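First the structure, in the form of structure tokens, and then the observations on it.
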Amino acid sequence: MSSPLLDSLTTASKFFGITGSVFTVGTLLASGFLMEDDKGLLKPSGKRIGKIARWSAASWAAAAGFNILLTLANILDLPLRQVLDFQTLKSFVTQITLGQYMLFQLLVAIAISFLAPKLNRTGPITFLLLLTLLAIALPLFQSHSASDGSHALAVGSLIIHVLAISFWVGGIFALALLDENEKVLAVPRFSQLALWAAIAVVISGATNSWTRLNFLSAWHSAYAYVVIAKILLTLGLLYIGYQHRRNISLRLQSQMNWAKFAQLASIELSIMIIVLALGTWLSSNRPPLSIKDGKFDVAISVAGLPMPATPSLSRIFLLYNPDALFIGILVVAVALYIKGVAVLRKRGDSWPLSRKVSFFVGIVFIDWATSGGFGIYAHFAFSYHMIAHMILGMIAPIFIILSAPITLALRTLPQGRTPEERGVRGTFIAGLHSPLARFWVNPVVALLIFDGSLFVLYLTSLFGGMMQSQIGHFAMNLHFLLAGLLFFHVIIGVDPNPGKAPHLVRIVILFAAMSIHAFFSVALMSSTTLIDHGYFAQLQTPWVNDLLSDQRLGGSIGWAMGEIPILLALVATFILWVRDDAHEAKRIDRNTERMAAMGLPDELANYNTYLENLAQKDRKNE
Ligand code: HEM
């Protein structure tokens, strides 16, 4: 039983850790995105905020280090001084998943405190921001939310909650550091982001509360009272947010009241600090236990959700176990796509219905394979895992790629707010043309990621390990989706691709993908040992009689569901080739006619003359 002193120290240290990390997100967000830049170079004001990021990251690092000690003392139920032993600490941060994540967080905080003041481009600052968000999110995969009956919902909603808070609270903190001139550009851009973040905080907070307080007696607990206090304070924050938006909307008539903005922001930040403290208390104290919490359930402890009944068509279509993280990604993707189409419409441009439909079909397939029936059964049988894998890696990506999201982004992302500024659109284009992007869209690299990763995942102990942990399962599904999106973008993508390979190369790559995929599936279909390292065995799924034949079934499903999309892509590439050739021929014809009309020799004639000259030169040299 840990001491009350240790408990309060743990909560206090966790509070300073969260506050330091949130302020670090805010300062990096301000210098890398909210403030004006000069074609991607930070202006002196951006560099100034980068320097402040050093101090918030340093305080985060100090708290993160102390958190490791306190968490270890809590786990081992030992006084703090007894965990100050190098071996004990070393084994905690190297062998225990939570310890590894907390060490990663500490190292990232230290790295940022050194690097942030030295950087002078928005690109590296954005990279540090993403690293910070990852370091904040990782330990939450091991928080007490992970012991809930629906891991994916509890842990996922908590991660979205904390990341959204980082943007909302961190942004308000960073704005307080800016002078009025800097605020003129930063505030309107942040206002957009703050609205999305606030919505995400409320929905994820409510969802997380529901996963813990979904039985009546739970509401007679200190935990529930703190949640209620948070809700009331959040309503206050939303009201202040509304006042801000009203004030900001006056800026166009240059009637924005900066004094009122500063006053509101300081009240807002004070309330946020209080709510941060309440949130930290919640995450450091166990939520009320329901009767069902008492009973051990192997499916819940291993797969993170209750064992579903024998699969049937209706259950495949109707069962749903929300994977909050994937739903969060899909909601952001859908919101951005709708926003893009709305921007086009406002400009009087249209966007093909076929692309909108294709996009939503892709989104539905992804949701079906992660939170829907296939996503649920994929936790309990290899054959269903393979169906979900094929939907995420082969089917959904084709629909998303054919919806041309990159073209939509290029046509609708905001330009620079000032002549010097590169703007979101400029940064996106720079990213598309970057050496790293060119590396990824190389067809051989795309094929290696697409098919090579199959062998790395399934023919090593990786698969069993990834299935066991929630972060592993999430990362595996995300990999399937991203590898599929990359592969089909390279092969049949309708979006601009600076490294687009010639048709012949794409067809060769497709044939290679087909044969590698067939080879892998046949290897699985003739497998004699289980590849999941005991994951499915420990679940004792009542409707899977023989694990090996279910694994072999998975192989044949992989083959059937894998080859069809590749075959479709092959046909599509041939059609694209013929069509592009026809377009090229028409273009040359049009050019010939135009040149002829202007009495100028056309391209072809020019080229033939050039060849003729070459031949004559050769003949002379003989
Ligand atoms: C509708 C409003 C909100 C509700 C219902 C809500 C609910 C929750 C719940 C249930 C948790 C999980 C605690 C646990 O792990 O057991 C949580 C965590 C947290 N909340 Fe909220 N929250 C809300 C708004 C906010 C706001 C506005 C902030 C900050 C300004 C905030 C800051 C936090 C923090 C810092 C944590 C701890 C995260 C951690 O585990 O590290 N919450 N909240």
Applying the selection to segment 216-234, what residues are within 7 Å of the ligand (Cβ to nearest atom) and not hydrophobic (A, V, I, L, M, F, W, C)?
-> Lys230, Thr234
Run Pro287 past the list (1) assigned to a helix (DSSP H, G or I); (2) within 16 Å of the ligand (Cβ to nearest atom) and report the number of the one that doesn't hold.
-> (1)
Within segment 544-556, residues outside any loop (DSSP other than H, G, I, E, B) and open to solvent by 30 Å² or more (accessible area, probe 1.4 Å) come out as Leu547, Leu548, Ser549, Arg552, Leu553, Ser556
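Rundown of residues vs (1) in contact with an Asp or Glu (Cβ under 9 Å, 6 or more places away or on another chain); (2) of a type in the set (Lys, Arg); (3) outside the structural domain of Phe317 (by TED's automatic domain parsing); (4) exposed (fewer than 15 other Cβ atoms within 10 Å of the Cβ), yes/no style:
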site	(1), (2), (3), (4)
Lys356	no, yes, no, no
Gly362	no, no, no, no
Gly373	no, no, no, no
Leu392	no, no, no, no
Ile400	no, no, no, no
Gln415	yes, no, no, yes
Arg425	no, yes, no, no
Criterion: within 12 Å of the ligand (Cβ to nearest atom) and crowded, with 18+ Cβ neighbours inside 10 Å - qualifying residue of Ala164, Ala116 = Ala164
Does segment 92-108 contain at least one residue that is away from the ligand (no atom under 16 Å from the Cβ), more than 27 Å from the chain's Cα centre (by Cα), in a helix (DSSP H, G or I) and surrounded by fewer than 17 Cβ atoms within 10 Å (Cβ to Cβ)?
-> no
Which residue, of Phe317, Phe326, is more than 16 Å from the ligand (Cβ to nearest atom), open to solvent by 40 Å² or more (accessible area, probe 1.4 Å) and either touching a residue at least 40 places away in the same chain (Cβ under 8 Å) or outside any helix (DSSP H, G or I) (or both)?
-> Phe317
Among the residues of segment 427-436, the number that are in a loop (DSSP other than H, G, I, E, B) and open to solvent by less than 70 Å² (accessible area, probe 1.4 Å) is 1
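Conditions (1) within 22 Å of Arg246 (Cβ to Cβ); (2) not hydrophobic (A, V, I, L, M, F, W, C), marked per residue:
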site	(1), (2)
Thr132	no, yes
Leu138	no, no
Val155	no, no
Ile159	no, no
Trp168	yes, no
Gln192	yes, yes
Ser209	no, yes
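Residues checked against (1) modelled with pLDDT of 95 or more; (2) assigned by TED's automatic domain parsing to the domain that holds Glu180; (3) within 25 Å of Thr207 (Cα to Cα):
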| site | (1), (2), (3) |
| --- | --- |
| Lys260 | no, yes, no |
| Asp297 | no, no, yes |
| Leu318 | yes, no, yes |
| Phe365 | yes, no, yes |
Out of Tyr384, Tyr320, which single residue is more than 22 Å from the chain's Cα centre (by Cα) and closer than 26 Å to Gln551 by Cα?
-> Tyr384
Quick check, is Arg506 surrounded by 14 or more Cβ atoms within 10 Å (Cβ to Cβ) and on the phi < 0 side of the Ramachandran plot?
-> yes
Could you check, for segment 30-50, whether at least one of its residues is open to solvent by less than 20 Å² (accessible area, probe 1.4 Å), within 16 Å of the ligand (Cβ to nearest atom) and of a type in the set (Gly, Ala, Ser)?
-> no
Considering only segment 235-253, state which residues are of a type in the set (A, V, I, L, M, F, W, C) and either out of contact with any helix residue (DSSP H, G or I) (no Cβ under 8 Å at 6 or more places or on another chain) or within 8 Å of the ligand (Cβ to nearest atom) (or both).
-> Leu235, Leu237, Leu250, Leu252
Please verify whether segment 211-226 includes one or more residues that are out of contact with any Gly (no Cβ under 9 Å at 6 or more places or on another chain) and closer than 20 Å to Gln263 by Cα.
-> no
Can you confirm whether segment 302-314 contains a residue that is open to solvent by 50 Å² or more (accessible area, probe 1.4 Å) and in a helix (DSSP H, G or I)?
-> yes
Determine if segment 183-199 includes at least one residue that is among the basic types (Lys, Arg), out of contact with any Gly (no Cβ under 6 Å at 6 or more places or on another chain), closer than 14 Å to Ala265 by Cβ and more than 9 Å from the ligand (Cβ to nearest atom).
-> yes
Only one residue in Asn545, Asn606 is over 25 Å from Gly464 (Cα atoms), of a type in the set (S, T, N, Q) and out of contact with any helix residue (DSSP H, G or I) (no Cβ under 6 Å at 6 or more places or on another chain), so which one is that?
-> Asn606
Looking at segment 441-498, what helices (runs of 4 or more DSSP H) fall wholly within it and have at least 1 residues that are within 19 Å of the chain's Cα centre (by Cα) and without any contact (Cβ under 8 Å) to a residue 12 or more places away in the chain?
-> 462-468, 470-492
Select, from Thr528, Thr541, Thr573, the only residue that is surrounded by fewer than 16 Cβ atoms within 10 Å (Cβ to Cβ) and over 18 Å from Ile391 (Cα atoms).
-> Thr528
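The values are calculated or read from the model by the stated rules, or taken from the named source; none is laboratory data. Being a predicted model, the structure only gives us computed values, none of them experimental. Don't worry about glycine lacking a Cβ; one is built from the backbone with ideal geometry, like all the others, and counts go over all protein chains shown. For accessibility, only protein heavy atoms count, side chains too; no ligands or nucleic acids. Shrake-Rupley method; radii C 1.70, N 1.55, O 1.52, S 1.80 Å.
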